[in-house]
Amino acid sequence: MNTRWLRLLAFILVLSSTSTAGAQETVSAISDWSAALDELSDQLDQADITDESLSQIRDELEGIRDEARQYIADQRPDLDAARGELDALGPPPSEGAQPEPEGIAAYRQEVTDRLAQINGPIEEAELVITRVNDLIGALASLRRNRFAEQVLTRGVSPLSPAVWRRAAPEFGNIVASVSSTAREYFSSAEFRERLRESAVALLAAIIFAIILVWPVYRWLIRRYGPDQSVKRPSFLQAVQTTLLVGTARALLPTIALGVIYLVIISENLFSE
């Protein structure tokens, strides 16, 4: 036999043994993924499964999907190489045409078998990914149904005496705790020191608030308020007066309190 064909035969045998080992590894991985998906699917069917278990199942499903996607990405170069080799060989001779040399025919068959060995597991891995996506969809649907049940389930009425009986001691404890903390802070040397340092700014804010709320409010009422001389105001006059008076009564005190609040915050009067 020609030395060239011997080398080609040896190369084919090496590729065959490597492909066989890789195929066995792939079959094992796909079998493990399928077994894991069967188990996770059974867990999803359990009526008493917890939300924590659902989160763990989703993590496992995403892990399997990532492994399958990585496997497909790793196999793509070999798949493209095998297809490239077949393209390089060209189509096989048609029926009745002169047969190609035995070495070429053997190599074509080897590449065809290798392509099938690579492509088959890739398709199985794609099926695994499809199954994972289906299970993730079922898991999401289960979570949505649970959330809807929790929202629509009627709970204990907040007007129930039993609720208030349980809440009363807790509310009392909260009030007592807040009051105790406030008394301790307001009587502390730290608060007195901060109050002394911020006294000027705080006093200025209070004076500004008083000037804003009282004189400005009275001026707005005199200028735009109800005119007692008009016995039957028009609709437009009534709406304008109502809006201006309402805005003055609501907005001016809010601005005044906001100024005082900003001074308190900027002076860190109530911060730890």
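We did not get these values from a lab; they are worked out from the coordinates using the rules stated. For clarity, every value in this text was computed on a predicted model and none was experimentally measured. Glycine gets a Cβ as well: all are built from the backbone with ideal geometry, and neighbour counts include every protein chain shown.
Take the Cα of Gln46, step 7 Å toward its Cβ, do the same at Thr130, and the gap between the two points is 2.9 nm. Using 0.36 nm per residue and subtracting the Cα-Cα separation, the extra length available between Glu62 and Glu102 on full extension is 9.6 nm. Rounded to the nearest 0.05, the FRET efficiency derived from the C-beta distance between Glu85 and Ala35 at R0 = 22 Å is 0.05.
Rounded to whole numbers, the Karplus 3J(HN,Hα) couplings from phi for region 33-40 are 4, 5, 5, 5, 5, 4, 5, 5 Hz, using 6.51 cos²θ - 1.76 cosθ + 1.60 with θ = phi - 60°, and x at Gly and Pro. Taking Cα centre as origin and charging only the Cβ of basic (Lys, Arg, +1) and acidic (Asp, Glu, -1) residues, the dipole magnitude of region 24-181 rounds to 1500 debye. Spin-label model, Leu257/Gln240: points 7 Å from Cα along the beta carbon direction are separated by 3.1 nm.
Each label point was placed 7 Å from the Cα along the Cα-to-Cβ direction; for Arg69 and Ser179 their separation is 5.9 nm. In plain terms, the chain from Thr112 to Ile265 could stretch by 47.3 nm, reckoned as 0.36 nm per residue minus the Cα-Cα distance.
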